[in-house]
Amino acid sequence: METNRPDTVNEPQAEYGMYSYADYLTWQFEEVVELIRGKIFKKAAAAPRRIHQKASGELFLRIGSFLKGQKCQVYTAPFDVRFPKGSNEDNKIHDVVQPDICVICDPEKLDDRGCIGAPDLIVEILSPGNSKTELKHKYSLYESHGVREYWINHPENQDLMIYTLVDGKYVPSRLLTSGDVMESSVIEGFTLDLEEFFKDIE
């Protein structure tokens, strides 16, 4: 859900109508917030549904196990991913998100505060409260900043869509569901039997 101003005691003034990562660091929201194009998006105040957490946890464990001992690293929310545009200074960064899962293969992008720059892979687990943000705003953000692969997992519908970056534009897979075995072009050799996966999270 997009909001115009933060509900904090000391509300910062947005430069040119846009908030930055420097502002973001000063806020004390009870719920998770993200910045997209300098605008605040609040996630639902209530905890995600159990199936969302189960899907995220199961997928994180499988990817983490596969990547053990490899250069690429996997992280799960809450984990800040900053997308700089022209400058890495906190007050110049206007896009900060917390993907459900992300994989980063360039260790130079990692610091104590998370990731600065595009992860190689981002996974978002859909729930009723966040579908619009994931499908519209984040799709455009990830594509424009060069996230090589973007998965949208809908555990309640038991389906998965994969967007692969080709010449700067996302190319979608067909809608994958139970009975399909997905393969990642970013995590070479990683496959996921969706029938088994969705059965495990029911």
(message) Normalised by the empirical 2.2 N^0.38 Å for globular proteins, what value does the Cα Rg of the chain take?
(response) 1.02
(request) Among D120, D159, D112, determine the one that fluctuates most according to a GNM of the chain built with springs between C-alpha atoms less than 10 Å apart. (result) D112
(message) Looking only at Cβ-Cβ distances, which cysteines of the chain have no other cysteine closer than 4.7 Å?
(response) C102, C115
(message) Quick check: pseudo-label points 7 Å beyond the Cα along Cα→Cβ at L25 and T177, how many nm apart are they?
(response) 4.6 nm
(request) Could you check which residue among K39, K68, K54 shows the biggest mean-square fluctuation in a GNM of the chain with a 10 Å Cα cutoff? (result) K68
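How would you classify region 35-88 from its alpha-carbon gyration tensor, with a ≥ b ≥ c the square roots of the eigenvalues: rounded for a/c under 1.5, else prolate if a/b is greater than b/c, otherwise oblate?
It comes out oblate by the Cα gyration axes.
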(request) Within the set of other residues whose C-beta is less than 12 Å from the C-beta of D95, count the net charge using Lys and Arg as +1 and Asp and Glu as -1. (result) +4
(request) Once you've got the GNM for the chain with C-alpha springs shorter than 10 Å, pick whichever of G168, G146, G189 has the biggest mean-square fluctuation. (result) G189
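Read-outs: derived from the displayed coordinates by stated rules, not from any lab. Values in this document were obtained by computation on a predicted structure and should not be read as measured data. FYI the Cβ positions are ideal-geometry reconstructions off the backbone, even for glycines, and counts take in every protein chain you see.
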